[in-house]
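Trainee: This structure is in structure tokens; I'll ask about it shortly.
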Amino acid sequence: MTKIGLEIHCQLTKLESKLFCSCKANYREFEPNTNICPICMGIPGSLPLLNKSAVEKATLIAMALDCRTPDKIAFFRKNYFYPDLPKNFQITQLNAYGNTSIGWEGKISVGNVKIRIRRIQLEEDPGRLIYEGATEKTKLTLVDYNRAGTPLVEIVTEPDFETPHQVREFLNILSDLLENLNVSDPGLEGAMRADANVSIEGGSKVEIKNIGSFHDLEKAVHFEITRQQSLAERKIEIVQETRHWDDGRKITVSARTKEEEAEYRYHLEADIPWVRINDGTKNQLQIHMPESISSKKERYVSKYGITPQVADILSSDRYFSELFEKANNETNAKDIANMITTDIMGLLDTREKRDASKLKGDHITDLVEYIKSNKITRASAKLALDEVIKNGKRLSEIIEDLNLGHVSNEDVLSGIIAEVLDEEAKAVEDSKQNPDIVNFLVGKVMQKTRGKADPELTLLLLKKHLDID
Ligand SMILES: [Zn+2]
């Protein structure tokens, strides 16, 4: 049987500062090597100071993943030499003296499969190595320490996955969950990275390191299963090793033989005392935990009668569910949900577009009400939506600016219809044989009014003119 386990590294991107110093957690804004200080550089004599919010956010993750949480946490030094880690050790966690990491024994359901979470730990991210050209052939490697010391949560699963598809599903669920908890923004480059370990029946475990995208992770796991199966068929031994994912060639390549855990010479980080997390703190976190995606979905269906499919799409995306909550005035909930999922999601499909968007909940409430009360057509609503996203003006203003008001005055409409009937003499003639042609003429009236004609009234008037029942 194929067994796949994951180690996911997730940055706590919503924090102000790094894990042990006051440098900014949002290292992405800075010129290389300007977001650093003696603590994150590990200058002798500097002392780390633990970021309380990081502990709280990490504990939230542990709780949301149904983990058991400790009464006190401890930090350890993991010693290794690597240019992205100027201290020569990483401050991380290890359950060496009982369970002292942020959480353990949790679970996530992926369809009908339960994926067990072995452990969650809080640790610091190292700096970033930047290779000139391809990793294998680089002549020059640059180091940027801005990221060094930013808070990272490592989530380790049991080897409960059997297919690459399950891995992908799990990562989607996990990233929605982290976003919903408001602890991380998985859309940011490098905010979520994963290692996978893969073994097939009778073979050793192979680890695939540091894959940056979910899409690639699924591919890498798939490749690795195929590679191992092919070795097994040819009776070649599968050696225990670490492999890298070569993004260009879409294959895994052997990196080095696996280090044993003991080689890291873990020992307690004496500069950080054990930190107690009492029941009061845990209760407070529980009380203020954002509503879970599944409970949101249930509420949308039961309270507002939204279809489960729409509720599913809406609840699993934090940005759009927030927009829905703000727009929702309980009378038009269903229409608002539909407008968000059918029109707005497509217009705001990237992070950049969402950041730039001026659209507020009120705009959506107004749009839906205007359509319902026949003040504008659906086609005009789309034009108005584009405009609102760009400039955030009030809907009434936009309708006036763009002259989008509904044409529902019978005289005005009759005039336009007369023009159309004049221009489309052949269609008028054909309509005697084929009454369905009236729909084509409705389309022509719509075109002339740039989508503003009241469709029902247009149809009625046209039928009258053409003498159709
Ligand atoms: Zn620092």
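Trainee: Is it the case that some residue within segment 85-92 is surrounded by fewer than 15 Cβ atoms within 10 Å (Cβ to Cβ) and of a type in the set (Lys, Arg)?
Mentor: Within segment 85-92, none of the residues are surrounded by fewer than 15 Cβ atoms within 10 Å (Cβ to Cβ) and of a type in the set (Lys, Arg).
Trainee: Same structure again: Which is crowded, with 23+ Cβ neighbours inside 10 Å and either within 19 Å of Leu19 (Cβ to Cβ) or in contact with a strand residue (DSSP E or B) (Cβ under 7 Å, 6 or more places away or on another chain) (or both), of Pro186, Pro159, Pro151?
Mentor: Every option except Pro151 fails the conditions.
Trainee: Among Glu419, Glu400, which is modelled with pLDDT of 85 or more, part of a helix (DSSP H, G or I) and surrounded by fewer than 16 Cβ atoms within 10 Å (Cβ to Cβ)?
Mentor: Glu419
Trainee: Going by what's in this entry, would Ile208 be described as under 30 Å from Pro48 (Cβ atoms), of a type in the set (Val, Ile, Thr) and surrounded by 13 or more Cβ atoms within 10 Å (Cβ to Cβ)?
Mentor: no
Trainee: Give the residues of segment 23-43 that are in contact with an Asp or Glu (Cβ under 9 Å, 6 or more places away or on another chain) and within 7 Å of the ligand (Cβ to nearest atom), sorted by residue number.
Mentor: Cys40
Trainee: Condition test on Lys353, is it in a loop (DSSP other than H, G, I, E, B) and either touching a Cys at 6+ places or on another chain (Cβ under 7 Å) or surrounded by fewer than 20 Cβ atoms within 10 Å (Cβ to Cβ) (or both)?
Mentor: It is false that Lys353 is in a loop (DSSP other than H, G, I, E, B) and either touching a Cys at 6+ places or on another chain (Cβ under 7 Å) or surrounded by fewer than 20 Cβ atoms within 10 Å (Cβ to Cβ) (or both).
Trainee: Based on this model, can you work out whether Leu460 counts as surrounded by 12 or more Cβ atoms within 10 Å (Cβ to Cβ), more than 28 Å from Asn338 (Cα to Cα) and not assigned by TED's automatic domain parsing to the domain that holds Leu347?
Mentor: no
Trainee: What pairs come up if the first residue lies in segment 27-38 and is in the same structural domain as Gln11 (by TED's automatic domain parsing), the second is part of a helix (DSSP H, G or I), and their beta carbons are under 6 Å apart, counting only those six or more places apart or on different chains?
Mentor: From segment 27-38, the pairs are Tyr27/Asn146; Tyr27/Arg147; Phe30/Asn146; Asn33/Tyr145; Asn35/Tyr27; Asn35/Asn146; Ile36/Tyr145.
Trainee: Tell me which of these Arg68 doesn't satisfy, since it passes every other one: (1) free of Cβ contacts under 8 Å to residues at least 40 places away in the same chain; (2) within 16 Å of the ligand (Cβ to nearest atom).
Mentor: (2)
Trainee: Which residue, of Pro48, Pro38, is farther than 20 Å from Leu12 by Cα and at pLDDT 95 or above?
Mentor: Going through Pro48, Pro38 in turn, the sole match is Pro38.
Trainee: Would segment 222-242 turn up any residue that is under 26 Å from Pro186 (Cβ atoms) and modelled with pLDDT under 90?
Mentor: yes
Trainee: So, in segment 81-105, exactly how many residues are polar (S, T, N, Q) and within 29 Å of Ile130 (Cα to Cα)?
Mentor: The total comes to 4.
Trainee: Does segment 44-65 contain any residue that is within 13 Å of the ligand (Cβ to nearest atom), of a type in the set (A, V, I, L, M), buried (at least 20 other Cβ atoms within 10 Å of the Cβ) and under 24 Å from Tyr264 (Cα atoms)?
Mentor: no
Trainee: On the basis of being touching a helix residue (DSSP H, G or I) at 6+ places or on another chain (Cβ under 6 Å) and among the polar types (S, T, N, Q), does Asn210 make the cut?
Mentor: no
The values are calculated or read from the model by the stated rules, or taken from the named source; none is laboratory data. These figures come from a predicted structure and were not determined experimentally. Positions of Cβ are backbone-derived with ideal geometry, glycine not excepted, and every protein chain shown enters the neighbour counts.
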